[in-house]
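Input: a single structure, listed below in structure tokens.
Throughout, read-outs are computed from the coordinates displayed, never taken from laboratory work. Being a predicted model, the structure only gives us computed values, none of them experimental. No Cβ is skipped: glycine too gets one built from the backbone with ideal geometry, and neighbour counts run over all protein chains shown.
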Amino acid sequence: MLKDILSELYTMTRGLPQGSFGLLYGSQASGNATEDSDIDVMFFTADDRRPSQSFIAGVIDMHKRHHCAIDVEVPYESKLFASRNEAAAAFTLAPFLTGKNRVVVPALAKDTPYMGSDNMKQRMILNALTSPHIFVGGDWRAYMQMKMLAQKTMTIVAVALLDQHEMAIPELITALKWSDTGQGGEDHLGYKVKRGVDEALWETLSTGLDALIKEGWVEPLGESSFRVTDQFPYTKGRTCTDNKCDSAPATSTP
């Protein structure tokens, strides 16, 4: 089934403008799919186009033909296409910043307008590029550029959320998978306790930490441990609930 899905998605990418590409992510890409799984796909476009109703209908038909669940919690109009500008906004930490460089993870209030918001799409862009995924066709160079930017972005998020002077990659993985209150998966940053996720996050953080070292924001202490420097510009914000964040001062990174 996966081979057929990839073939269909490849055909869909051929109708996109130069500089675009498609990704299959989620359980189908990681090999964790069950009868309740949908087909998580995102097309990164070089322009600001939106999926037509016929395009959406084609994706839904693909789900039906392969007996996959259809998930409309996030509207297809929002989650199928991501423009270059929308990706660029995600790489500025737009969905996680509150106050002055304070990093927070807003709680997801499902069945609300937030699920179709720009911030929700930005979170999905970052998740698609840093969780287990399969490149299904298009511009490989554009894909690699965006992947590296997403890896740096999520590494910044992890370092800020962990909020420690010294840290190791396994601790950063935990910060991405679990909140301080024990929320994980779709209730946190979308990284589930599934096969392949830790490996993808290790790659994300290894690449992202290399970028942060070049910025002078962290220093290596060992093979997989690091120290945060005084140059790191972000701090951990207060807990967010109902998609609203406390504006009280955050705890600074030591």
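In debye to the nearest 20, how big a dipole does the chain give about its Cα centre with +1 on each Lys and Arg Cβ and -1 on each Asp and Glu Cβ?
Using only the charged Cβ atoms, the result is roughly 440 debye.
Rounding to the nearest 10 and keeping the result within 0 to 90°, find how far the Cα-based axis of helix 118-130 lies from the longest principal axis of the chain.
90
Once the dipole of the chain is set up with Lys and Arg at +1 and Asp and Glu at -1 on Cβ about the Cα centre, which of SER54, GLY31, VAL103 lies farthest towards its positive end?
Among SER54, GLY31, VAL103, the one farthest towards the positive end of the dipole of the chain is SER54.
Kindly express, to the nearest 10 degrees and within the range 0 to 90, the angle between helix 2-13's C-alpha long axis and the longest C-alpha principal axis of the chain.
Roughly 90 degrees, rounded to the nearest 10.
Under a GNM of the chain (C-alpha, springs under 10 Å), which listed residue has the highest mean-square fluctuation: ALA89, ALA160, ALA57?
Largest GNM mean-square fluctuation: ALA57.
Extending each Cα 7 Å along its Cβ direction at LYS3 and ALA94, get the distance between those two points in nm, one decimal.
4.0
Taking amide H positions as placed 1.01 Å from N in the peptide plane, with prolines and chain starts having none, which residues 5 or more places from PHE81, or on another chain, fall under 5 Å of its amide H?
Correct list: PHE43.
What's the angle, to the nearest 10 degrees (0 to 90), between helix 197-215's Cα axis and the longest principal axis of the chain?
In the chain, helix 197-215 runs at an angle near 50 degrees to the longest axis.
Could you compute the FRET efficiency for ALA109 and ILE70, with r as their C-beta to C-beta distance and R0 at 25 Å, rounded to 0.05? Kindly include the intermediate steps, with their values, before the conclusion.
Working: r = 22 Å, r/R0 = 0.87.
The formula returns an efficiency of 0.70 here.
Pairs of Cα atoms under 8 Å, at least six residues apart: use those to get the relative contact order of the stretch 2-245, whole percent.
On the way: 408 pairs, mean separation 55.7, N = 244.
For the stretch 2-245, the relative contact order is 23 percent.
Using a 10 Å cut-off around each Cβ, can you sort TRP202, TRP217 from fewest to most neighbouring Cβ atoms? Present the calculation step by step, with values, prior to reporting the outcome.
On the way: TRP202 15, TRP217 20.
Ranked by crowding around the Cβ, least crowded first: TRP202, TRP217.
Are any of the pairs LYS152/LYS194; LYS79/LYS214; LYS121/LYS177; LYS121/LYS192; LYS100/LYS214; LYS147/LYS194 more than 29 Å apart by Cα-Cα distance, and if so, which? Walk me through the numbers before you get to the answer.
On the way: LYS152/LYS194 22 Å; LYS79/LYS214 33 Å; LYS121/LYS177 19 Å; LYS121/LYS192 18 Å; LYS100/LYS214 23 Å; LYS147/LYS194 21 Å.
From LYS152/LYS194; LYS79/LYS214; LYS121/LYS177; LYS121/LYS192; LYS100/LYS214; LYS147/LYS194, over 29 Å: LYS79/LYS214.
Looking at the stretch 180-234, which GluC sites (Glu not before Pro) are DSSP coil and have at most 10 other C-beta atoms within 10 Å of their C-beta? It would help to have the intermediate numbers written out before the result.
Numbers: sites: GLU186, GLU199, GLU203, GLU215, GLU223; in loops: GLU223.
When the GluC sites (Glu not before Pro) of the stretch 180-234 are filtered for loop state and at most 10 Cβ neighbours within 10 Å, GLU223 remain.
Using the Karplus curve 6.51 cos²θ - 1.76 cosθ + 1.60 with θ = phi - 60°, what ³J(HN,Hα) values do you get for each residue of the stretch 155-169, in whole Hz, with x for Gly and Pro?
Residue by residue, the stretch 155-169 yields 5, 4, 4, 4, 4, 5, 5, 5, 6, 10, 6, 10, 7, 10, 4 Hz.
Order of 191-198, 29-36 by packing, highest average Cβ count within 10 Å first? Walk me through the intermediate numbers first.
Details: 191-198: 16.5, 29-36: 14.5.
Going by the mean number of other Cβ atoms within 10 Å, highest first, we get 191-198, 29-36.
Work out how much length ALA46 to ILE60 would gain on full extension: take 0.36 nm times their residue separation and subtract the Cα-Cα distance, in nm to one decimal. Display every interim value, and only then the final one.
Numbers: separation 14, 0.36 × 14 = 5.04 nm, distance 2.35 nm.
Residue separation times 0.36 nm, minus the Cα-Cα distance, leaves 2.7 nm.
Using Cα springs under 10 Å in a Gaussian network model of the chain, which residue among LEU16, LEU126, LEU149 shows the largest mean-square fluctuation?
Highest fluctuation of the listed residues: LEU16.
Amide H to amide H under 5 Å from VAL136: which residues, 5+ apart in sequence or cross-chain, H placed 1.01 Å off N in plane?
Here the answer is GLY22, LEU23, LEU24, since their amide H atoms fall under 5 Å of that of VAL136.
From the phi angles alone, apply the Karplus equation (6.51, -1.76, 1.60; θ = phi - 60°) to the stretch 216-227 and give each ³J(HN,Hα) in whole Hz, x where the residue is Gly or Pro.
Residue by residue, the stretch 216-227 yields x, 8, 9, 10, x, 10, x, 4, 9, 10, 8, 10 Hz.
Fewest to most neighbouring Cβ within 10 Å: what's the order for HIS66, HIS165, HIS133?
Numbers: HIS66 15, HIS165 10, HIS133 23.
Going from sparsest to densest Cβ surroundings: HIS165, HIS66, HIS133.
State, to one decimal in nm, how far the label point of GLU219 lies from the label point of THR34, with both points 7 Å from Cα in the Cβ direction.
Result: 4.7 nm between the two label points.
Give me the Debye-computed log₁₀ of I(q)/I(0) at q = 0.10, 0.21 Å⁻¹ for the stretch 1-119, equal point scatterers on Cα only, no solvent, two decimals.
Results for the stretch 1-119 at q = 0.10, 0.21 Å⁻¹ read -0.35, -1.32.
At a 10 Å Cβ-Cβ cut-off, how would you order SER54, SER131, SER224, SER83, fewest neighbours first? Could the numbers behind the result be given before it?
Values: SER54 7, SER131 26, SER224 16, SER83 19.
Going from least to most buried by this count: SER54, SER224, SER83, SER131.
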